[in-house]
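Some notes on the structure that comes next.
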Amino acid sequence: MLAASAALSVHLLAAHRAKTKVLGLKQVIAFTYSPKGVDLKQFHSATLIGPVGPAGWKDWQPRGVVAAVGHGWGDLLRSPIDKAVDIMTKQDLGGNPRPVMMIDEFGFDYGGLMDQKAAQILRGVKSRKPELSLAVFEMRGPISQVLAEACRDTADLVMMEGYVGNSRQYWSLAIEAWTARRYGILPKTILVLGVGKGGNPGENWAETDQELEQQVRFVRMIAPESPGVGFFAGTPDLLTRADALCEHFFKLPASGAGLPEDVRALANTFTRRYEKPTLVVSPLYVEPNFNEDGKGIAKPTVMRAYLINLGDQDAQNVRVRLRNPPDQGGNVFAEGVVPLIPRRSATVGVLPVIDSWRVWVGEWVMEVEAPGCDVIDFKPEPPAK
């Protein structure tokens, strides 16, 4: 009975996706920031590429591919809101009758001042220039409520940055899909996978055909109602493999068949039912409340912790502490009580900073006291030696 119900759900999701087009596309297979030397015109699966120059759309439109111009976040969030809207709505779009702008990137402080400003900018742009389609990169893992609601109302596509290197990190992909579903934007959201190596130390993403295929199959399992998948950067060989996989992306089993048992179990962590409050936390999902322009940290200084409750009951009076690691003093530097984390929902806990901190995101120790709750704590992998 459960298997039949799951099969029916997948069928209904597929039917819904078939009726719902994103950017006018039946499916979104995105290749973004691909390096020089990669001939995307040889790819058969690509339906969205970017960023391109203002006139780039002319080369792609006859192929049925959407080509997006790009814009970075820096001058937008560092300008007054009206000025930021002005910058975006007056950007050269090369005369494209159906222009698309790829914003790289929003999502900084889990609903703090930067996210609030980004949301206002999105609403302002769509109000002033409704014909401009927006494809928004979401940077910090799970999307905040304020940005999700703005994207729901204004963005044509949301692109979650899912840059992971192995199955021990797949939990972050599952959390991204869960939050997009929670806020009702998953039907116009794709997970974008990092391909190859990034430009910074430790940015080792999918570097083999086998790892890339496993990530694509995992995405298909955790987000069957998503319109597709995307890829960031990469090498010619790996992106060619991604292209071959995505020619039949929607024929990959949404059940996860073919994935290792532990990977399927991880995915099911976010779909099974929990009778009691069950919190998902990570020291990676804590950020300071920045000033709205990103220049420095706002006063009073607080940390914002993204907390998920997968359970069927509310969590109440959850105490969260951040502590420097033992070799950096071991002192508690931020602490707060979250009065309520509603069932099957997400909340951002505000933790006043009470002492100096000496490490950065993911390096600090996160302690959670949650009466009557189970806690699933996803810790970052230690750096490779």
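Worth pointing out:
- Each residue in region 164-209 was checked for being of a type outside the set (A, V, I, L, M) and within 30 Å of residue 342 (Cβ to Cβ), and 15 of them qualify.
- Apart from one condition, residue 229 fits all of (1) touching a helix residue (DSSP H, G or I) at 6+ places or on another chain (Cβ under 7 Å); (2) open to solvent by 10 Å² or more (accessible area, probe 1.4 Å); (3) not acidic (Asp, Glu); the exception is (2).
- Any strands (runs of 3 or more DSSP E) falling wholly within region 285-385 and containing at least 2 residues that are open to solvent by less than 30 Å² (accessible area, probe 1.4 Å) and modelled with pLDDT of 95 or more: 286-288, 302-309, 315-323, 332-341, 345-352
- Index of the failed condition, residue 93 passing every other in (1) open to solvent by 30 Å² or more (accessible area, probe 1.4 Å); (2) modelled with pLDDT of 95 or more; (3) in a loop (DSSP other than H, G, I, E, B); (4) of a type outside the set (Lys, Arg): (1)
- The residue of region 184-213 that is nearest to the chain's Cα centre (by Cα), among those that are charged (D, E, K, R), open to solvent by 50 Å² or more (accessible area, probe 1.4 Å) and at pLDDT 95 or above, is 207.
- Checked across region 126-147, the condition of being within 19 Å of residue 229 (Cβ to Cβ), modelled with pLDDT under 95, touching a Gly at 6+ places or on another chain (Cβ under 6 Å) and not β-branched (Val, Ile, Thr) holds for at least one residue.
- Residue 85, sole failed condition from (1) within 30 Å of residue 350 (Cα to Cα); (2) in contact with a Gly (Cβ under 7 Å, 6 or more places away or on another chain); (3) open to solvent by 10 Å² or more (accessible area, probe 1.4 Å): (3)
- Cβ pairs under 6 Å, 6+ apart, first in region 248-265 and within 15 Å of residue 210 (Cβ to Cβ), second modelled with pLDDT of 95 or more and polar (S, T, N, Q): 263/167
- Unmet criterion (only one of (1) open to solvent by 10 Å² or more (accessible area, probe 1.4 Å); (2) closer than 22 Å to residue 165 by Cα; (3) in a helix (DSSP H, G or I)) for residue 216: (1)
- Among the residues of region 351-385, those identified as hydrophobic (A, V, I, L, M, F, W, C) and closer than 19 Å to residue 179 by Cα are 375, 376, 378.
- Every residue from region 236-265 that is out of contact with any His (no Cβ under 8 Å at 6 or more places or on another chain), open to solvent by 30 Å² or more (accessible area, probe 1.4 Å) and of a type outside the set (Gly, Ala, Ser): 236, 237, 240, 241, 248, 250, 251, 253, 260, 261, 262, 264
- Filter pass, residue 234 being farther than 25 Å from residue 361 by Cβ, modelled with pLDDT under 95 and of a type outside the set (Val, Ile, Thr): yes
The values are calculated or read from the model by the stated rules, or taken from the named source; none is laboratory data. Given the structure is predicted, the values throughout are model-derived calculations rather than measurements. Ideal geometry is used to build each Cβ from the backbone, glycine not excepted, and the neighbour counts take in all protein chains shown. Note: areas computed on protein heavy atoms with side chains; ligands, DNA, RNA excluded. Shrake-Rupley method; radii C 1.70, N 1.55, O 1.52, S 1.80 Å.
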